[in-house]
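The values are calculated or read from the model by the stated rules, or taken from the named source; none is laboratory data. Computed from a prediction, not measured in an experiment: that's the story for all the values here. Note that each Cβ is placed from the backbone with ideal geometry, even for glycine, and that neighbours are counted across all protein chains shown.
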Amino acid sequence: MKMSKKFRSNLITYALVIVAFIICQLAVEGTIDGFKMSRSLKGQLVPICVYIVMAVSLNLTVGISGELSLGHAGFMSVGAFSGIVMSSWLVSAFQFENETLRLIIAMVTGGLFAGIAGVLIGIPVLRLRGDYLAIVTLAFGEIIRNVMNCLYFSLDGAKLYIGFSNPNLPGKLLVNGPAGATGVDKISTFVMGFALILFTLFVVLNLVNSRSGRAIMAIRDNRIAAESMGINVTKYKMMAFVTSAVLAGMAGALYGLNYSTVTAAKFRFDTSILVLVFVVLGGIGNIRGSIIAATVLTILPEVLRAFSDYRMLVYAIVLIVVMLATNSPLLMNLVERIRPKKKTAAKEGEAQ
Amino acid sequence: MTQIKRKSDTKMVPVPSMAIVPERDIDKAPVLEARHLGIEFGGLKAVDDFNLVIGKTEIAGLIGPNGAGKTTVFNLLTKVYQPTTGTVLLNGKDTHGMNTVQANKAGIARTFQNIRLFNNMTVEENVRIGLHNQVKYGMFSGILRAPAYWKQEKKQHTQALDLLSIFDMQDMADVKAGSLPYGAQRRLEIVRALATNPSLLLLDEPAAGMNPHETEELMENIIKIRDKFQIAVLLIEHDMNLVMGICEGICVLNYGRIIAKGTADEIQQNPVVIEAYLGKQKEA
């Protein structure tokens, strides 16, 4: 009985994503008259996918594992740069041109390197608790960004050169320190972004509803009790942290390969905070909420272009109002009463 | 007399003698032996020279006035604290250097004085956490939904409901643990501890906040659990009806030291115990 309840909730989440994808696909192709997506919104499709994956993966750390991490953009940047390097290397070494396969390999590489970074950072960080952990993840996020700022990669045929603060490398410079990666093949597609979202949901939802996921949540709920039930706290915290880092790395690769120029400055502290806002707004621990919040808040600045200069002000006000609304018992009662209406509204918001 | 030159300078200490265990357990190794156990917090001896032997299927009681160090003893036994002196033998095995997780795997499970359930998880999930090291499968089997996942999940489900049936709690399996009434939360903690397959169950004030009727039921259930699982139980309790009603060996603690050990009758008549609880009688 309980399983079916959770199963249904997961099914709704998958269905929501798939329906939104189909509607978007129709709007992109413009098969139905008068139902066509604007250019600026089309450009937002891949970033939306990226931010959804970022939000869902951060929710694994913040919501499921209960550790406030402020360095999520760091893993994204590791994924982005390793993905870009991998994708370019495949072309120059093997003349490997299949874009979809290249993107998949790039995402796997990005996930792998972000996972390694996750392990390295997790070992010192996960010994800390609460505010201290948050601050140290923040510091590590900045460290990663600064290291990326000093990295130089160049390609000479099949040979890959790596330089640290040294741009004098043979061959064609691929990643140029602070100037970032230039001349990147834009191989990211909305379809692949959608596939990555499904993959992320599959991993996160299945993990949460398994023995390991329950152990992770038990540690969040009561660490001392979990320990005395024989649960290895370090192991399961690490599991959540690294899984989250891997998914962020894959999202990073997708993000990096969506632009012709990517600099380390794009993965600043405020990107981590932005993703955290998605998670908090969507409800901590609520995966579906993260998806909707990431979508709406990525579209919002585009929609608000009409306000021109006051755009970010309106954005901030909307944010505050929504935060207040979701925490007000009075309004929650009201929402409860008009629930069916609200659900369809949310879906339409997702689809525009 | 000629002086014999000794080659060895070993210091001999007494292994705590006069330990009592139930007669039925006399031919079995004791489940727990605490030897000269002690801990200091910045010079304060919270527990000092604590010696205790618990028989294989004994229901033992640990009583004492507030602040006597009873919960500290529990924390020492479960390795939440590392003792400054002495050792704990669990089923004859030294627990020196173990942490809480290892102590649990070695066969010691506990409940808490201030209930520590996983409040955001359901009753069944709480019990499943107890089964964590009993019914296993890996992270990737879980994510990929491998055959091991389905098989072991089903096994966990059956075992969890089985354990819940001890307290007739199967119907509450889907309720959030945090929303259970107080008495049920205490019972759930016992079930969760039992799920870890312990050889010694530590209960920290299991009857706190229960009405007399519930306490009566709890006493029967503790005996039932002992008989069914053939395990030892050590409980801390202030409710003397419960302690005197079911405990076979009782140990009284005051200011971190054991002041009396014995059966219920012996303890009730012990003048030192009466003094500790009621204060010294004025001399006429």
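Can you find, within segment A:188-220, the residue that is nearest to the other protein chains (Cβ to nearest Cβ) among those that are in contact with a helix residue (DSSP H, G or I) (Cβ under 7 Å, 6 or more places away or on another chain) and among the β-branched types (V, I, T)?
Of everything passing the filter in segment A:188-220, A:V203 is nearest to the other protein chains (Cβ to nearest Cβ).
Tell me which residues, restricted to segment B:58-88, are over 14 Å from the mean Cα position of the chain (by Cα) and more than 15 Å from B:G38 (Cβ to Cβ).
B:G64, B:P65, B:N66, B:G67
Does segment B:149-159 hold any residues that are in contact with a helix residue (DSSP H, G or I) (Cβ under 9 Å, 6 or more places away or on another chain) and within 11 Å of chain A (Cβ to nearest Cβ), and which are they? Don't jump to the end; show me each part of the working.
The first filter runs over segment B:149-159 and keeps only residues in contact with a helix residue (DSSP H, G or I) (Cβ under 9 Å, 6 or more places away or on another chain), leaving B:149, B:152-153, B:156-157, B:159.
Across segment B:149-159, the qualifying residues are B:Y149, B:Q152, B:E153, B:Q156, B:H157.
When you scan segment A:222-252, how many residues do you find that are in a helix (DSSP H, G or I) and either touching a His at 6+ places or on another chain (Cβ under 8 Å) or in contact (Cβ under 8 Å) with a residue 24 or more places away in the chain (or both)?
Matching residues across segment A:222-252 total 18.
Give me a count of the residues in segment A:243-276 that are surrounded by 21 or more Cβ atoms within 10 Å (Cβ to Cβ), of a type in the set (V, I, T) and out of contact with any strand residue (DSSP E or B) (no Cβ under 9 Å at 6 or more places or on another chain).
4
Given the structure, is B:A184 away from chain A (no Cβ under 14 Å) and part of a loop (DSSP other than H, G, I, E, B)?
When the stated conditions are applied, B:A184 does not pass them.
Out of all the residues in segment A:108-137, which are touching a helix residue (DSSP H, G or I) at 6+ places or on another chain (Cβ under 7 Å) and farther than 11 Å from A:V78 by Cα?
A:V119, A:I121, A:G122, A:V125, A:L126, A:L128, A:L133, A:V136, A:T137
Considering only segment B:138-148, state which residues are of a type in the set (A, V, I, L, M, F, W, C) and more than 7 Å from chain A (Cβ to nearest Cβ).
Within segment B:138-148, B:F140, B:L144, B:A146, B:A148 qualify.
Return the pair list, or none, for Cβ contacts closer than 6 Å from residues in segment B:72-98 that are on the phi > 0 side of the Ramachandran plot to residues that are part of a strand (DSSP E or B), at least 6 apart or on different chains.
Every condition considered, the pairs that remain are B:G86/B:R35; B:G86/B:H36; B:G86/B:L37; B:G86/B:G38.
Let me spell it out: the conditions are (1) more than 26 Å from B:K261 (Cβ to Cβ); (2) touching a residue at least 24 places away in the same chain (Cβ under 8 Å), and B:F229 meets all of them except one. Which number is the exception?
It fails just one condition, (1).
Consider A:S69 carefully, then state whether it is of a type in the set (S, T, Y), part of a helix (DSSP H, G or I) and buried (at least 23 other Cβ atoms within 10 Å of the Cβ). Spell out how you get there, then give the answer.
On the way: of a type in the set (S, T, Y): yes; part of a helix (DSSP H, G or I): no; buried (at least 23 other Cβ atoms within 10 Å of the Cβ): yes.
No, not satisfied.
With the structure loaded, tell me whether B:E189 is without any contact (Cβ under 8 Å) to a residue 24 or more places away in the chain and either part of a helix (DSSP H, G or I) or in contact with a strand residue (DSSP E or B) (Cβ under 6 Å, 6 or more places away or on another chain) (or both) or whether it fails that test.
no
Since A:D185 meets every condition but one in (1) more than 20 Å from the chain's Cα centre (by Cα); (2) within 14 Å of chain B (Cβ to nearest Cβ); (3) closer than 30 Å to A:V19 by Cα, which condition does it not meet?
Of everything listed in (1) more than 20 Å from the chain's Cα centre (by Cα); (2) within 14 Å of chain B (Cβ to nearest Cβ); (3) closer than 30 Å to A:V19 by Cα, A:D185 misses just condition (2).
Kindly provide the set of residues from segment B:114-130 that are among the β-branched types (V, I, T), within 8 Å of another protein chain (Cβ to nearest Cβ) and surrounded by fewer than 24 Cβ atoms within 10 Å (Cβ to Cβ), ordered by number.
Answer for segment B:114-130, where residues must be among the β-branched types (V, I, T), within 8 Å of another protein chain (Cβ to nearest Cβ) and surrounded by fewer than 24 Cβ atoms within 10 Å (Cβ to Cβ): just B:T122.
Just for segment A:1-41: of the residues that are over 24 Å from the mean Cα position of the chain (by Cα) and within 14 Å of chain B (Cβ to nearest Cβ), which one is modelled with the highest pLDDT?
Checked segment A:1-41; the qualifying residue modelled with the highest pLDDT is A:R8.
Looking at B:T111, is it surrounded by 18 or more Cβ atoms within 10 Å (Cβ to Cβ), polar (S, T, N, Q) and more than 8 Å from chain A (Cβ to nearest Cβ)?
Judged against the criteria, B:T111 is a match.
Limited to segment B:239-254, what total is found for residues that are out of contact with any Ser or Thr (no Cβ under 8 Å at 6 or more places or on another chain) and assigned to a helix (DSSP H, G or I)?
5
Residues to consider are B:V88, B:V135; find the one that is touching a helix residue (DSSP H, G or I) at 6+ places or on another chain (Cβ under 7 Å) and within 11 Å of chain A (Cβ to nearest Cβ).
Only one candidate qualifies: B:V135.
Can you tell me which residue in segment B:190-223 is farthest from B:A103 (Cα to Cα), limited to those that are in contact with a helix residue (DSSP H, G or I) (Cβ under 7 Å, 6 or more places away or on another chain) and among the charged types (D, E, K, R)?
B:E214
From B:G256, B:G249, B:G245, which residue is within 17 Å of B:E33 (Cα to Cα) and small (G, A, S)? Steps first, answer last, please.
Values: B:G256 fails: within 17 Å of B:E33 (Cα to Cα); B:G245 fails: within 17 Å of B:E33 (Cα to Cα).
Every option except B:G249 fails the conditions.
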